[in-house]
Amino acid sequence: MTLSLIRHGQTDWNREPARCLGWAEIGLNETGRAQARDQGRALRGRGLELIVSSHLSRARETAELIREELGGDVPLVLDPRLAETHRGDWESRLFAEIRLEDAETWRRYREHPEGFRFPAGESLADQQRRVLAALRDAARDGRPALLVTHGGSIRLVRCFLEGRGIAAFHETSMANGGVDEVAGAGLAERITELLAGPA
């Protein structure tokens, strides 16, 4: 059984000059909607039996468009655990502005993501634990599933699967509409072991 993780389609805030989204609500642009439809068509015939999506509008819209392309009968469930990091005071601000006005905090984010907490927001470690819990539950479900989520969420899953830790967060990226496939065998057990450890 394989689980597929997809990053939501493009929004205007993903384009330069890019803004920090976090939990800010912004829908897809035309490019993002086309990316979602393209992925939906690419996923036809893959035997998907479940779609689980972040509750944020850009992910939810991506999931709904994919579901339409798959014929509209695949169950769609919203799971807030798949959301992007809650990025607090940085949300909706231009990244260029953050780098200039919050230079020291930005440096810590880039150099030590494993210990970083967004100002008035969430830590990457907290986000990783909730995202992995959602992935564990999808693996336990046993159905071939598509998880519609966010770039940061997918990067944190990669950090876990590759055994590199959150320190490697900035060493990978995921394009809007990009897909990662994860083998479900033994996945729930691996995640359970991690989540049972110290928070």
>> What does the extension gain come out to for Thr192 and Glu68, with contour length at 0.36 nm per residue minus their alpha carbon separation?
In response: 41.3 nm
> Relative to the Cα centre, what is the charge dipole magnitude of the chain, using +1 at the beta carbon of each Lys and Arg, -1 at the beta carbon of each Asp and Glu, and rounding to the nearest 20 debye?
Replying inline: 260
> When the helix-only estimate is applied to the chain (DSSP H runs of n ≥ 4, each -39,500 (n - 2.57), divided by the residue count), what is the mean residue ellipticity at 222 nm, nearest 500 deg cm²/dmol?
Replying inline: -12500 deg cm²/dmol
> Among all stretches of the chain without exposed trypsin sites (Lys or Arg not before Pro) (DSSP loop, at most 14 other Cβ atoms within 10 Å), which one is longest?
Replying inline: 47-163
> What number comes out for the charge environment of Asp141, summing +1 per Lys or Arg and -1 per Asp or Glu over other residues with Cβ under 13 Å away?
Replying inline: 0
>> Multiplying the sequence separation of Asp12 and His170 by 0.36 nm and subtracting their Cα-Cα distance, what value in nm do you get?
In response: 54.7 nm
> If one computes the Cα centroid of segment 13-73 and of segment 125-152, what distance in Å separates the two points?
Replying inline: 16
> Tally Lys/Arg at +1 and Asp/Glu at -1 over every other residue whose Cβ is under 15 Å from the Cβ of Arg130; what's the total?
Replying inline: +1
> Residue by residue through segment 142-149, which ³J(HN,Hα) values in whole Hz follow from phi under the Karplus form 6.51 cos²θ - 1.76 cosθ + 1.60 (θ = phi - 60°), with glycine and proline marked x?
Replying inline: x, 8, x, 10, 10, 10, 9, 9
> Just in segment 168-199: which GluC sites (Glu not before Pro) are loop by DSSP and have at most 15 other Cβ atoms within 10 Å?
Replying inline: none
> Whose amide H sits under 5 Å from the amide H of Arg93, counting only residues 5 or more places off or on another chain, with H placed in the peptide plane?
Replying inline: Cys20
> Once segment 2-195 is represented by equal point scatterers at the alpha-carbon sites, with solvent omitted, what log10 I(q)/I(0) does the Debye formula produce at q = 0.14 Å⁻¹?
Replying inline: -0.76
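Quick note: the coordinates plus some simple rules give every number you see, no bench work behind them. Since this is a predicted model, take the numbers as computed values, not measurements. No Cβ is skipped: glycine too gets one built from the backbone with ideal geometry, and neighbour counts run over all protein chains shown.
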